[in-house]
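Report on the structure given below.
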Amino acid sequence: MSLCNSADETRDPLFFSCQFSSVIWSHFAYKLVMNLSPLSWTYTLQTLLTALMNRHWKFLILLAWQSKIYLSWRERNSRLHCNSFRDPISIIAKIKLLIKNRVSTLRDTNSDFSTKAMQILFS
């Protein structure tokens with residue numbers, strides 16, 4: 001079984017337009033105040049590249065985007081090859097943990113940046 005129960009496993013359905021993926025991305029886009037529509041690879045990438053936001057917000061949204069793509073792909077492969085399924089909520093929790101851990105690694109080298117990013121993440 002594929003991630004989105006669709007024969008079309010191209011970039012947009014896998015990472016944005018199917019229900020599973022859109023729930024995950026919408027959570028982080030809403031949390032980090034990013035325009036949600038339309039849900040497409042091209043639009044999202046263009047928005048990420050041109051967004052006028054401070055470096056803390058941009059770092060967090062890019063990290064969420066990368067983590068979402070990585071974990072969506074892992075979930076797809078897990079469903080296809082191991083017959084193992086997780087719901088979007090568990091993927092969201094894993095992404096939050098990845099982001100928190102990555103921001104924490106910056107504490108020693110860039111304490112101010114790490115502190116501000118954590119404040120945004122947990123606000």
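For this structure, a couple of remarks:
- Here region 35-47 is the region considered, the condition is being at pLDDT 80 or above and surrounded by 14 or more Cβ atoms within 10 Å (Cβ to Cβ), and the residue that is nearest to residue 11 (Cα to Cα) is 41.
- Of all residues in region 9-28 being in contact (Cβ under 8 Å) with a residue 24 or more places away in the chain and over 10 Å from residue 39 (Cβ atoms), the one that is most open to solvent (accessible area, probe 1.4 Å): 11
- Count of region 17-34 residues, restricted to those that are more than 23 Å from residue 100 (Cα to Cα) and modelled with pLDDT under 80, is 1.
- Filtering 68, 94 for residues that are in a helix (DSSP H, G or I), in contact with a Leu (Cβ under 7 Å, 6 or more places away or on another chain) and surrounded by 15 or more Cβ atoms within 10 Å (Cβ to Cβ) leaves a single hit, 94.
The values are calculated or read from the model by the stated rules, or taken from the named source; none is laboratory data. What you see is a predicted model, and the numbers here were worked out from it, not measured in a lab. Neighbour counts run over all protein chains shown; Cβ positions are idealised from the backbone, glycine included. All accessible areas refer to the heavy atoms of the entire protein, side chains included, with ligands and DNA or RNA removed. Shrake-Rupley method; radii C 1.70, N 1.55, O 1.52, S 1.80 Å.
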